[in-house]
Amino acid sequence: MYLSIPRSGPNASFVRPAASCSTEQAAEFTDSILNMTVKDMRPLSIVEDEGFQKMISTLNPRYTLPSRTYFMKMIEKKYEEIQGKLKNTIKETDMQTDIWTSVATEAYLGVTCHFLGEDLEMESYSLTTMTLEEKHTAANIEEWSEDVISKFVIPPEKIKAVVHGNCADVLVAVNILAGKHAMCRSHPEFGCAKHSKEKPSYRQVCGCCKMHGQTF
């Protein structure tokens, strides 16, 4: 008596059972999706995209993708968690402020902090990127920056210096805020490079400016 064992191939038909998804696996999937949206700076609306939903279903059909609202609440919770850790981590720090305008003519203020961690490696955190609806006066810039600093409970004496661009109002604001400041070296470098487009060494100059900006 012989048993006929089906072989894999074009004529073979197999039903692939759907992979199970435990509570722990579902939580891991969800956390991974959240980290991906934050790390790659993707909008939360990606979880509503048909292609993204199809990919997740292919990876594990039994995993239920949470809603956009759920991920929004998770991001807020993650923000509060990291904010709490950062409050206890910062001993001494440098601050960096920058104001820029998007292609949609919307103005933004960015505030970041930079300090050495316990392993003496540079750590950088973006404290805020906020839209600016009022005039960019020195008093307003100082008030906006102070609100960010107070939110993270950073006493003025912990701020060793504020790095800024060459905007006069920002310079006045940081003098009021901390008194210790330094101009970002990238601003004058790119200003020089901008007026050197006709020079043969223009690309080399831009490359050096970019390298300096990424390093410092």
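The values are calculated or read from the model by the stated rules, or taken from the named source; none is laboratory data. Not measured: the values here are computed from a predicted model. Cβ: placed from backbone, ideal geometry, glycine included. Neighbour counts: every protein chain shown.
Please indicate, with yes or no, whether at least one residue in region 164-177 is at pLDDT 75 or above and not in a strand (DSSP E or B).
Looking for residues that are at pLDDT 75 or above and not in a strand (DSSP E or B), one finds none in region 164-177, hence no.
Does LYS73 count as of a type in the set (Lys, Arg), in a helix (DSSP H, G or I) and out of contact with any Pro (no Cβ under 9 Å at 6 or more places or on another chain)?
yes
All but one of (1) without any contact (Cβ under 8 Å) to a residue 12 or more places away in the chain; (2) under 29 Å from GLU146 (Cα atoms); (3) surrounded by 12 or more Cβ atoms within 10 Å (Cβ to Cβ) hold for GLN83, so report the exception by its number.
Result: GLN83 fails condition (1) only.
Output yes when any residue across region 119-135 is closer than 19 Å to TYR79 by Cα, outside any strand (DSSP E or B) and either within 20 Å of the chain's Cα centre (by Cα) or hydroxyl-bearing (Ser, Thr, Tyr) (or both), and no when none is.
No, every residue in region 119-135 fails to be closer than 19 Å to TYR79 by Cα, outside any strand (DSSP E or B) and either within 20 Å of the chain's Cα centre (by Cα) or hydroxyl-bearing (Ser, Thr, Tyr) (or both).
Quick check, is LYS73 charged (D, E, K, R) and either closer than 30 Å to LYS135 by Cα or at pLDDT 90 or above (or both)?
Yes; evaluated as a whole, the condition is true for this residue.
Would you confirm whether any residue within region 113-121 is among the aliphatic types (A, V, I, L, M) and touching a residue at least 12 places away in the same chain (Cβ under 8 Å)?
There is no residue in region 113-121 that is among the aliphatic types (A, V, I, L, M) and touching a residue at least 12 places away in the same chain (Cβ under 8 Å).
Quick one: which of THR58, THR64, THR101 is touching a strand residue (DSSP E or B) at 6+ places or on another chain (Cβ under 7 Å) and hydroxyl-bearing (Ser, Thr, Tyr)?
Values: THR58 fails: touching a strand residue (DSSP E or B) at 6+ places or on another chain (Cβ under 7 Å); THR64 fails: touching a strand residue (DSSP E or B) at 6+ places or on another chain (Cβ under 7 Å).
Selected residue: THR101, the only one of THR58, THR64, THR101 that is touching a strand residue (DSSP E or B) at 6+ places or on another chain (Cβ under 7 Å) and hydroxyl-bearing (Ser, Thr, Tyr).
Count, please, the residues in region 105-157 that happen to be surrounded by 14 or more Cβ atoms within 10 Å (Cβ to Cβ), under 23 Å from THR89 (Cα atoms), among the small types (Gly, Ala, Ser) and modelled with pLDDT of 85 or more.
The total comes to 1.
Given (1) buried (at least 16 other Cβ atoms within 10 Å of the Cβ); (2) touching a residue at least 60 places away in the same chain (Cβ under 8 Å), identify the lone condition not met by PRO66.
(2)
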